[in-house]
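Asker: Shown below is the structure under consideration.
The values are calculated or read from the model by the stated rules, or taken from the named source; none is laboratory data. Just so you know, these numbers come straight off a predicted model, no measurement behind them. Cβ sites come from the backbone with ideal geometry, for glycine too, and all protein chains shown count toward neighbours.
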Amino acid sequence: MSTPPSHDSVHKGFAFGLAALFLAALWLPTLDSIFQWDYAPTPNENRAPAKFPAITLNLAGLRALPSGLEAYFNDHFGFRKRLIRWERKWKRSLFRDISHAEVLVGRDGWLYFAGSRMIDNYRATRPFTPAELADWQALLEQRRDWLAQRGIKYLFVVPPDKQSVYPEHLPEWLTQIGPQARLDQFFAHMRAHSTVPVLDLRPILRAAKSTFPTYQNTDTHWNYYGAFVAYQEVIRTLAAQLPGLEPLPAKAFDIIVQRRRGSDLALMLGQEPYFPETAWVEMTLRPPLQPLVIQTDHTNPPRLEAPAHTENPSCTRRLLMFRDSYAIYWLPYFGHNFRHVTYIWDYWDRSLIEREQPDVVVDELLERHLYDTNPRQLRQRDEIPSGIKRVLHLRK
């Protein structure tokens with residue numbers, strides 16, 4: 001017959017377990033410093049982390065060494081990124097404090113969205129792996145080939161994040177470290193290994209900003225002028241597959257730069273009166289051209305993601321675009337070149353494509369969404385029937 005453990009043995013076991021946990025907690029930061037287990041995004045602190053101090057064999061250098069080592073340790077100790085992320089999460093959930101966790105304050109009144117690992121992506125410290133690039137290639141080729149079997153053209157377009165077009169307003173401490181940005185990797189890989197049409201909008205947007213601003217200084221999005229020059233480049237690119245397409249010229253518009261209250265990033269800070277929007281651009285069509293009638297599938301309450309449509313009887317072709325929020329600024333333009341345009345903020349839907357019977361499908365995907373998206377999962381989801389796909393979406 002076994003005897004129950006004594007009070008002393010239970011106490012010793014508890015003490016041993018507590019000591020083991022304490023030792024593990026002491027060693028975990030050191031182990032993370034060695035093995036880099038903390039994969040949390042680099043936090044936005046509006047400053048660069050302290051560098052390891054230079055060791056100089058003079059009196060001034062030796063005096064500065066302890067404080068330099070302390071500053072370096074404070075910015076690099078193990079699991080620091082994860083702890084800061086938890087702290088900000090608790091502040092948001094307990095005290096509704098969203099302060100500046102996802103807003104980076106730049107120079108000259110410019111604000112940048114710092115979510116989706118923006119700092120790491122801009123520093124180019126997390127390059128695409130060869131497998132990830134191969135997955136993107138496989139996804140886009142699968143879509144192109146499926147459309148080609150039905151006589152439909154295809155184009156994949158990546159609007160760049162603001163920092164890729166306006167890096168000059170970023171804080172001085174935020175610089176590129178890696179040799180190649182992920183967007184450069186993506187386009188270089190696709191052009192070297194695939195014939196899928198892909199469009200890099202960075203060159204045209206960087207060139208156009210010398211004429212008018214192309215992005216809003218207090219918003220995550222481009223403005224209507226940036227969207228316009230991007231539209232022109234998309235139409236010029238599509239003309240290689242659909243001869244006869246010509247974009248509207250800039251002279252068809254009256255273009256005015258306006259000053260307004262700060263937009264979405266300033267609102268996130270709660271500082272919209274103090275961060276004015278100075279890069280808002282109004283584009284007004286000159287007669288005899290008339291603005292398009294944009295029809296939206298109304299929901300209650302109205303949703304940014306609602307499908308939108310334009311009709312233009314003077315044209316012949318049909319365009320279907322799968323898009324995100326950036327394409328909202330395209331609604332006034334593409335309908336001038338197509339009889340029917342449908343904008344869908346949703347998963348790629350084969351049954352919808354077959355119903356719409358477009359001449360061309362454009363995939364628009366913002367730069368940071370390119371980094372956040374798993375192309376292997378998209379390949380699998382493309383093949384799911386739309387009814388089942390929507391049920392799965394509602395269950396998420």
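Asker: Residues PRO243, PRO273, PRO213, PRO247: which one is assigned by TED's automatic domain parsing to the domain that holds VAL157, modelled with pLDDT under 95 and assigned to a loop (DSSP other than H, G, I, E, B)?
Answerer: From the options PRO243, PRO273, PRO213, PRO247, the qualifying one is PRO273.
Asker: Among all residue pairs at least 6 apart or on different chains, which show Cβ distances below 8 Å where the first residue, located in region 285-304, is more than 16 Å from TYR224 (Cβ to Cβ) and in the same structural domain as ASN337 (by TED's automatic domain parsing) and the second is in a loop (DSSP other than H, G, I, E, B) and at pLDDT 95 or above?
Answerer: Cβ pairs passing all conditions: none.
Asker: Which pairs have Cβ atoms under 8 Å, sit 6 or more apart or on different chains, and link a residue in region 256-270 that is touching a residue at least 24 places away in the same chain (Cβ under 8 Å) to one that is among the polar types (S, T, N, Q) and assigned to a strand (DSSP E or B)?
Answerer: Qualifying pairs under 8 Å: ILE256/THR284; VAL257/THR278.
Asker: Further question on the same structure: Filter region 309-328 down to the residues that are in contact with a strand residue (DSSP E or B) (Cβ under 6 Å, 6 or more places away or on another chain) and either buried (at least 21 other Cβ atoms within 10 Å of the Cβ) or at pLDDT below 95 (or both) and list them by number.
Answerer: If the condition is that a residue be in contact with a strand residue (DSSP E or B) (Cβ under 6 Å, 6 or more places away or on another chain) and either buried (at least 21 other Cβ atoms within 10 Å of the Cβ) or at pLDDT below 95 (or both), then THR310, LEU319, LEU320, MET321, PHE322, ARG323, ALA327 are the ones that fit.
Asker: Next question, about the same structure. Kindly provide the set of residues from region 277-307 that are within 30 Å of LEU104 (Cα to Cα) and at pLDDT below 95, ordered by number.
Answerer: Within region 277-307, PRO302, ARG303, LEU304, GLU305, ALA306 meet the criteria.
Asker: Quick check: is even one residue across region 349-357 outside any helix (DSSP H, G or I), at negative phi and modelled with pLDDT under 95?
Answerer: yes
Asker: Related question: List, please: which pairs have Cβ atoms under 8 Å, are six or more places apart or on different chains, and start with a residue in region 174-202 that is aromatic (Phe, Trp, Tyr) and end with one that is part of a loop (DSSP other than H, G, I, E, B)?
Answerer: From region 174-202, the pairs are PHE186/PHE128.
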